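*Asks:* Structure in C-alpha cells, see below.
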Amino acid sequence: SIIDLTASMACSVAGSNCGNGIGQCNACGGVWHLPINQSKEAHDLLIDKILALRNSQIGITGYHVSVPTSDSHSLSSDSNSLLTTINGWDAQSLSSQNRRICLAIQNAIQEFQTNAQPNSQRVAIVMSAGSITHECSDVSSGDLNLNGVSGDAGDDAIQVACDAKQIYNITVHAVGFGENADQQTLQRIAVCGNGSYYYSSIPDLVNVYEQIADDIINATYFEQTIEFSNEVVTTTLYEDSLIQFNYSDGSSLYGLYITTEKKFDNDTAGT
C-alpha cells in the first residue's frame, strides 16, 4: 500500500492546499480536516482483511517527495507492527505538497523483489491526494498521461507502473483521494498496471479500501470442478476447500438404496 503523506492529508482550502500544521492551515484560510485519520482507519481495515488470507503479507510505503523509512514497513504478516507504523503518521509533521510517486512505486517493486513469497500474487495500491510534482531521473517516459508534455512527473509514475506489471507481474491499483487528486494520471497508472481505478471523497476512504480488499480477496479464489462417471478420480483437497457432491440418483424399480459414509483417513485424503 503506497500512501500519500503530504500536507493534503491534513489541510485543504478552495481547491488547493496550504500549511504544514494547524496554525499555517488556519492562517491561509484552510480547513484542518485530517484526512490522514481516514487513511489510518482504512488501513486498519485493509490489514485485517488481507492478513485473514492464508500466507498473506502487507507492506506500507509512505511517500511525499521522498520515501521516509520511518513511515514505511516491509512486507509482513505482523499486524501489530504494521499498525504501529500507521499510527505513527502524524498530521503535524506531514510534508509539503511535493509528490514523487514514481519513486514510491519503485520502492514497492524493490520490496516485492526482496521480501515477497515466491509465486505469490502481488498487488500494489497507489493513493494520491494531489498533483504529481517530481520526476525520477532514471525513468524515461513519453506523454503517457496525455497532457501534451512528455516525460513529466505524471508520465514517470505511469511508466513505473507499466514496468511493475510488465516486468515484475505486479498489479497496480490507484486511488484518487479528494477533489485535488490528479485523476487522469492515476487512471492511466491503473490501466498500465492492469488494475482498477477508485475515487474517494474524504469521508468515503474506508469504504473504498474495503472494496479494494474485497476485490483482491475475490481474485485469490480458484474454482476446482471435477466431473467423472464410474471411474476412480484422485484430486487434492486444501485446508480451505469446500467439497460438494452433486449427483442424480436416477430411478430404480427394484431393490433398496444403500448409502454408506466413511471418515477421511487423515486431514487430506479419503475414499
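The values are calculated or read from the model by the stated rules, or taken from the named source; none is laboratory data. This one's a predicted model, so the numbers in the text were calculated from it and none came from an experiment. As a convention, Cβ positions derive from the backbone with ideal geometry for all residues, glycine included, and neighbour counts pool all protein chains shown. Accessible surface areas use protein heavy atoms only, side chains included; no ligands, DNA or RNA. Shrake-Rupley method; radii C 1.70, N 1.55, O 1.52, S 1.80 Å.
*Asks:* Do you know which of the residues in segment 12-32 that are under 22 Å from Val126 (Cβ atoms) and in contact with a helix residue (DSSP H, G or I) (Cβ under 9 Å, 6 or more places away or on another chain) is modelled with the highest pLDDT?
*Replies:* So, considering only residues that are under 22 Å from Val126 (Cβ atoms) and in contact with a helix residue (DSSP H, G or I) (Cβ under 9 Å, 6 or more places away or on another chain), the one modelled with the highest pLDDT is Ser12.
*Asks:* Please go through segment 112-152 and give me each residue that is under 17 Å from the mean Cα position of the chain (by Cα), open to solvent by less than 40 Å² (accessible area, probe 1.4 Å) and farther than 16 Å from His173 by Cβ, ordered by number.
*Replies:* Ala116
*Asks:* Right, something else. Which of the residues spanning segment 45-70 are among the charged types (D, E, K, R) and crowded, with 17+ Cβ neighbours inside 10 Å? Give the derivation first.
*Replies:* Residues of segment 45-70 among the charged types (D, E, K, R): 48-49, 54.
Lys49 - this is the single residue of segment 45-70 that is among the charged types (D, E, K, R) and crowded, with 17+ Cβ neighbours inside 10 Å.
*Asks:* Taking segment 85-111, which residues are surrounded by 16 or more Cβ atoms within 10 Å (Cβ to Cβ), within 16 Å of Leu5 (Cβ to Cβ) and of a type outside the set (A, V, I, L, M, F, W, C)?
*Replies:* Residues satisfying the conditions are Thr85, Ser95, Gln97, Asn98, Arg99, Arg100, Asn107.
*Asks:* Here is a list of conditions, (1) open to solvent by 10 Å² or more (accessible area, probe 1.4 Å); (2) over 19 Å from Thr6 (Cα atoms); (3) touching a residue at least 24 places away in the same chain (Cβ under 8 Å); (4) outside any loop (DSSP other than H, G, I, E, B), and Ala164 meets all of them except one; can you say which number that is?
*Replies:* (1)
*Asks:* Does Gly176 satisfy being within 25 Å of Leu5 (Cα to Cα) and assigned to a helix (DSSP H, G or I)?
*Replies:* Spelling it out, it is not the case that Gly176 is within 25 Å of Leu5 (Cα to Cα) and assigned to a helix (DSSP H, G or I).
*Asks:* Can you confirm whether segment 193-200 contains a residue that is in a helix (DSSP H, G or I), surrounded by 18 or more Cβ atoms within 10 Å (Cβ to Cβ) and among the polar types (S, T, N, Q)? Don't jump to the end; show me each part of the working.
*Replies:* Let us first name the residues in segment 193-200 that are in a helix (DSSP H, G or I), namely none.
No, segment 193-200 contains no residue that is in a helix (DSSP H, G or I), surrounded by 18 or more Cβ atoms within 10 Å (Cβ to Cβ) and among the polar types (S, T, N, Q).
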